[in-house]
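Report on the structure given below.
Values quoted throughout were computed directly from the atomic coordinates according to the rules given, and no laboratory measurement underlies them. The structure presented is a predicted model; accordingly, all values stated were derived computationally and were not measured. Methodologically, a virtual Cβ is constructed for each residue, glycine included, from the backbone with ideal geometry; neighbour enumeration extends over all protein chains shown.
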Amino acid sequence: MTTRLLALSFLAAAVSAQETPARPNIVWILVDDMSADFSCYGETLVKTPHVDRMANEGVRFSRAFTTAPVCSPSRSALITGMYQSSIGAHHHRSGRGTEKILLPEGVAPLPAILKKAGYWTCIGDPRQKGAPGKTDYNFEWDPKMYDGPDWAGRASGQPFFMQVQLHGGKNREGPKWEEIARRELGDLTDPDAVQLPPCYPRDPVLLKDWARYLDAVRFTDRQVGDVLKRLESEGILDKTVVFFLTDHGISHARGKQFLYDEGIRIPLVVRGPGIPAGKLRQDLVEHIDLTASTLALARVPVPKGMQSRDLFAPSATPRDVVFSARDRCDETVEHLRSVRTAKHKYVRNFLPQRPHLQPNRYKDTKPIVKRLRELHEAGTLDALQEKLLFSPTRPPEELYDLEADPFEVRNLAGDEAQQGTLATLRARLDRWMEETGDRGRRPEPESMYDSDMEVYLKEVKGPQLEILRRNIELMKKWASEGK
């Protein structure tokens, strides 16, 4: 090769290197128990300037949904890019007894894939260096897939994948939350200004709880600002793609644990290099889509069979539907599936012989649920609230027109004019369960229950124990009949 050709060759290589940006750092800010109640999503009672900044500098998804409305199935799905019902992780905190859940062949947690590809992987709270991070996975996994609780320990120039774990809506459950919120925020949201969904009464206990929840939204926004500030102070914000999302919606009577939008609709905002600025996307997305999107940003091939989709692929086909599932939560056996389009929601109650608010020790300790039960016993709830929350049974199928009825209070499954839509969505859900190998059709062995389940079985007494026993027997009978 001549000197001239050699020089041209080096020049071409240099230009190529300059045109190919380095792999970005990737940060997931993952928040507990919080719906899309931020000002950039239309909430007017609170201001959230830091999440708003991310939306102004990046992409805001207006129709993002979790595939599970409770922590461990949601997080198990997110970290693998797979429906929790496909990998056997669909029951809340299952696989923690003597029998464990192993991931199917070819399925691996995202941090393990990224670490193998050269990323420094970490999980925790970077505002408190060394603080551990919530995992809550239902399957067996190697703790070594995380290098540490923070990106500070990485090698010079090494890209990192960080999961920032924030308590979000759980903050309002602390005994000193009002004191903390007043100190950190300066003032508190006025309960009288709160607008509740029509399924809840304007009771002082519920209004105050929702107001303190909105203060948790404000507090979470400040924490997001702290993370952005640290990235900026270290000169790496513009080299980092930041995803902001929650694991599921607000913890309330029709929120967390249930498939109404109050439980499954989440905020999703993304900003960083290569992400368009100030863009609103209204296509349907599932929270598991972060997994393939992250791999694509890191230039790592998406494993064959992964159900996640790259949100930013030029040739990506938008989802026309999203799916969600809820199964056992603690001692409460349940089996729900839903399919949602931009306009309609179809929910199937496989076990409709029990009320919406079944006994559940986790939820029954909350002041809002205690108050709802008191109002029910006193007969002071209106007809709609009684029907939605305390009817002794539920319809096997529910269908909602989300444009006309965003709070999902008018079930159209029995409407003659909606039978075509009902049949279409029913068939779509059936096909999804078959194609994805939905494992919820098989009973869960008691040997998979966590240690708390044994406590529940010993502590639950009276009507609650009878419902628990009946639930387990019905589940086994339902499974044996192949329903």
Ranked output for segments 362-368, 374-380, 260-266 by mean other Cβ atoms within 10 Å, highest leading, reads 260-266, 362-368, 374-380
Label LYS304 and LEU280 with points 7 Å out from Cα along Cα→Cβ: what is the distance between them in nm?
-> 4.2
So for the chain: antiparallel DSSP bridges make up what percent, rounded to the nearest 5?
-> 50
Place a label point 7 angstrom from the Cα of ALA378 along the Cα-to-Cβ direction, then list the residues of region 349-369 whose backbone nitrogen is under 14 Å away.
-> 368-369
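What value, in deg cm²/dmol to 500, does the helix sum -39500 (n - 2.57) over DSSP H runs of n ≥ 4 give at 222 nm once divided by the residues of the chain? Intermediate values should be presented prior to the final figure.
Values: 14 runs with 164 residues, N = 483.
That comes out to -10500 deg cm²/dmol.
Given 4 °C and 1.567 mPa s, how large is the Stokes-Einstein diffusion coefficient of the chain in µm²/s, with Rh as the Kirkwood radius over Cα pairs?
Answer, rounded: 55 µm²/s.
Report the relative contact order of the chain, percent, no decimals, based on alpha-carbon pairs under 8 angstrom and at least 6 residues apart. Intermediate values should be presented prior to the final figure.
Numbers: 917 pairs, mean separation 107.2, N = 483.
Rounded, it is 22 percent for the chain.
Can you work out the FRET efficiency for the pair LYS47 and LYS343, with r the C-beta to C-beta distance and R0 = 30 Å, to the nearest 0.05? Kindly include the intermediate steps, with their values, before the conclusion.
On the way: r = 31 Å, r/R0 = 1.03.
Calculated transfer efficiency: 0.45.
Placing +1 at every Lys and Arg Cβ and -1 at every Asp and Glu Cβ, with all other atoms neutral, what dipole size does the chain have around its Cα centre, in debye to the nearest 20?
Values: 70 positive and 68 negative charges, 180 e Å.
Dipole of the chain, to the nearest 20 debye: 860 debye.
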If the viscosity is 0.890 mPa s and the temperature 25 °C, what translational diffusion coefficient in µm²/s does Stokes-Einstein give for region 105-211 when Rh comes from Kirkwood over Cα pairs?
-> 143
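Going through the cross-link list LYS208/LYS366; LYS47/LYS366; LYS279/LYS304; LYS343/LYS387; LYS115/LYS170; LYS47/LYS239, which pairs have a Cα-Cα distance over 21 Å in this structure? Can you show the working numbers first?
Details: LYS208/LYS366 13 Å; LYS47/LYS366 27 Å; LYS279/LYS304 30 Å; LYS343/LYS387 24 Å; LYS115/LYS170 31 Å; LYS47/LYS239 27 Å.
Flagged as over cut-off: LYS47/LYS366; LYS279/LYS304; LYS343/LYS387; LYS115/LYS170; LYS47/LYS239.
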